[in-house]
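Everything on this sheet refers to the single structure shown next.
A short reminder: the numbers here are calculations on the coordinates, not readings from a lab. What you see is a predicted model, and the numbers here were worked out from it, not measured in a lab. Here Cβ is always computed from backbone atoms with ideal geometry, including for glycine, and neighbour counts include all displayed protein chains.
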Amino acid sequence: MRWFWDARKPVFLHLLEQRMRVAGKGWRHLEVILVRLHSSRVGWSVFAERGTQRMLDMSMNELSRKHAIERLLNPRSIAIVGASTDLSKVNGRPLKHLMDKGYTGAILPVNQKYQEIQGLKCYASIAELPDGVDMAIIAVPAKDVIANVLELGARGVPAAVVFSSGFGEMGEAGKALEHDLADAARRAGVLLCGPNCLGFINAFSNAYATFSQYADGDTGSGPIAFVTQSGAFGTAIAALVRQRGLGLGYFINTGNEADLTFSELMLAVVEDPRIRVAAGYLEGVSDGEGLVRLARRCQELGKPLVLTKVGRLGSGARAAASHTGALAVEDRIFDAVIRQYGVLRARNEEQMLDMLEALAQPRRCAGRGLGVATQSGGAGVMMADRAEEVGLAVPALNAATQQRLAKVMPAFGSANNPVDVTGQFVARPELLLESVVALLDDPQVDIAIVWLQLMTAHVDKLIGIFQEIQTRTTKPFFVCWVAAPQEALRRMRELGIVVYGAGERAVEAAAALAEYCSHQTEKIESSDKAVLALPSLPSAVHRGLVPCLEATEWLKAAGIPMAPVMLARDADEAVTAWQRFSAPVALKIESPDISHKTEVGGVVLKLSDEHSVREGVAQLLRNVSRNAPQARVSGVLIQPMIDGHIELVVGVHRDPVFGAMVMVGFGGVLVEVLKDVAFRHAPFGVDQGLAMLNELRLGALLDGVRGQSAVDRNAVARLLSDVSRLAAAVPQLAELDLNPVRVGADGPMAVDCVMVLGEALA
């Protein structure tokens, strides 16, 4: 068997290994690998032992795309279409960068105006390019881009970066042109980064396919991969990374993402073993599935992913039949999804850099215990306050640690956490060494921060002390050096010592490291969308609001705990139902036009005799006639009153980007006022259900207050997990509210439901 493109063999092997693992087979089970090559597409089949044929579903397009991305980001040859002799122009700068930075691959300028540029042969057309060109930079007017892409495809060039603007960012005409560009690229078999992008930098191979200002300075490689949707703001972040001496291995601007997405490109670069941390700047997300796949892969690789996304306030409440849909604003959903999959979110560029500095260092922490050592008692208190706000503990030190501290610090110092080494530190910087080492040796301390200010006369001694601390502990520690000399900061970072200029920033960075480490200890939950014994969907309706009785029966059959309910078409039938339940009942209007019954006076509670039941039916009909005169009324629902001192709402919302999302919250009819809710991406297990409950501000109510008994959190979490599996298995389920869900001694029970069916989504 002949492997394709020699040096690209590892890419294929990696993909094949992944698919074999999914199939539950090792390499020893493999008998035959058939690789079909035709045009730019690759397909393969695997035939397992004992004559059993096992087709592993790797689409030809998927494998071809991965291979093209590899050639794009690690090119051995680069064509520059529209290259200029003026190296200060957009179409001249990449040529300058490639030559100045020492790119060793072939550089192939394309422009019919010139025979050579900067001593390099210039090709008159794409058709004249030699065989085997890995990628092209397109720097021509927007109107000429499509023709160039088609020519690249005909020449066998698999990928291109499109600098050109004038597409989707320019209004409807530009969007139409961008759509045509994407279509042409698919037909030509050319993957596109862009258009309207700065391109990318692979600093490991000196591949500078960009005109970014960032490339003008020192751009040595580093352990961070940075992918940005914004060119200008992304360049600013990259410059700040360089300023801190952290180093970018990859810098990629995705532009309009007519083809390649943020997630696809980040997925490619996080596989590089030289990358330890991934960072991204987002202005929007269109590929939710891709982002989830990226997050899962980063978690598998043990590589932190830090994202900054603008538009935190989202689009406001959506018009929806359910409370869940109304509360599912864009940013709330995004935040829930990335938190679920262990992604860290930074508020702004400074916090992103602080997180990257903490995460790029190799040490990890086993818990959330923070030790603080300062030369200022006030600074210690401030940092301890912030630590508790961001989820860190500031534990009391054990007796042995306090005894060690007492031996080295002045009598008027503090051997408690935070540790105050006092002003004696100025005269005796060496007392810091044993104090911090003792602090880090305490079993309750997982990470430490040292706070100091100025100390300009002791820079060399202090740096020596911090180096010594590094050798005497395996735990992470950060230095907060306020108003430090710039030279001191540079030297510290060169030695791998994490340093910040403000106490709260250091604390927040420590919290980010602890949060990441806690996620790494969690098992990555299965994405299996199956639900056991799933019944058929209600047959009476195809789309829209499902009658409550029908929805209740279907949910009950699916294993969701639902209160019993009967439909009465008049007062006599209502009385019969009441007699059957032999308990106080609730009456609710049943109408295909009313989703929120309480808003029209469509609920009457605690009816315990025949007279009140008959009067309740009459009252419901009067209320609906007055408040919703156009509504069609099917009858009245009768339910026994359900015990439970806790009232929750559990729901499903079909997000257009991420798909099925599950919500839990407090409040019943007041849920949209209280907004005490938590979301998760479906499906998930009981552990995530418990995490959702922990996020609720009123979650302490579940544990019992003012004489109320605690409820079974695990039972509620199982309900959430079951609803999530249901939502994942039934793509037609557009919205679902179980509201209220009463939780008492017997566990959770949904009293009412709103179910909306839509079109099935793939």
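Tabulated data for the structure shown
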item	result
Using a Förster distance of 25 Å, the FRET efficiency for Gln403-Val482 (Cβ separation, nearest 0.05)	0.25
All-pairs Cα distance distribution in region 564-640, expressed in whole percent, bin size 10 Å	22, 57, 20, 1
The chain - mean residue ellipticity at 222 nm from DSSP helices (-39,500 (n - 2.57) per run, n ≥ 4, rounded to 500)	-11500 deg cm²/dmol
Label-point separation in nm, Ala147 to Ala396, each point 7 Å along Cα→Cβ	8.0 nm
Rel. contact order, % - alpha carbon contacts under 8 angstrom, at least six apart, region 583-741	22 percent
Cα-Cα pairs of region 259-306 separated by more than 12 Å (percent)	58 percent
Between helix 713-729 and the chain: long-axis angle, C-alpha atoms, 0 to 90°, nearest 10	70 degrees
Cα-projected label distance for Arg706 with Arg543, points at 7 Å along beta-carbon direction, nm	4.7 nm
Gain upon complete extension [Gln732, Arg632; 0.36 nm per residue less C-alpha separation]	33.6 nm
Loop-located trypsin sites (Lys or Arg not before Pro) in region 68-163, at most 12 other Cβ atoms within 10 Å (DSSP)	Lys113
Estimated translational D of region 124-219 in µm²/s (Stokes, Kirkwood radius over Cα pairs; 4 °C; 1.567 mPa s)	93 µm²/s
Ratio of Rg to Rh over the chain (Cα coordinates, Kirkwood Rh, two decimals)	1.04
Normalised contact order of region 363-520, rounded percent, pairs of Cα under 8 Å and 6 or more residues apart	30 percent
Computed log₁₀ I(q)/I(0) - Debye formula, equal Cα scatterers, no solvent, region 423-462, q 0.16, 0.19, 0.28, 0.32 Å⁻¹	-0.45, -0.61, -1.01, -1.16
Per-q log10 I(q)/I(0), region 195-253, q = 0.12, 0.21 Å⁻¹ (Debye; single scatterer per alpha-carbon; no solvent)	-0.21, -0.68
Crossing angle, helix 610-627 versus the chain [Cα axis fit, 0-90 degrees, rounded to tens]	50 degrees
Percent antiparallel among DSSP beta bridges (both partners in the chain, rounded to 5)	55 percent
Mean separation of Cα contacts under 8 Å (6+ apart) over length of the chain, as relative contact order %	8 percent
Antiparallel bridge percentage (DSSP; both residues within region 115-230; nearest 5)	50 percent
With eigenvalues of the C-alpha gyration tensor scaled by 5 and rooted, region 363-520, Å	21, 19, 14
Karplus-derived HN-Hα couplings along region 440-457 (A = 6.51, B = -1.76, C = 1.60, θ = phi - 60°), whole Hz, x at Gly and Pro	5, 6, 5, x, 8, 9, 9, 8, 10, 10, 10, 10, 8, 9, 6, 6, 5, 7
Distance violations [Cα-Cα > 25 Å] among Lys175/Lys309; Lys89/Lys143; Lys143/Lys309	Lys143/Lys309
Alpha-carbon spread of region 601-741, three principal axes, descending order, Å	47, 43, 25
Extended-chain gain in nm, criterion 0.36 nm per residue less alpha-carbon gap, Asp746 and Ser625	39.8 nm
Estimated FRET transfer efficiency when R0 is 41 angstrom, pair Lys113-Leu240 (beta carbons, to 0.05)	0.60
Where labels lie 7 Å past Cα in the beta-carbon direction, separation of Leu605 and Ala124 in nm	8.6 nm
Degrees between helix 377-389 axis and first principal axis of the chain (Cα, 0 to 90, nearest 10)	60 degrees
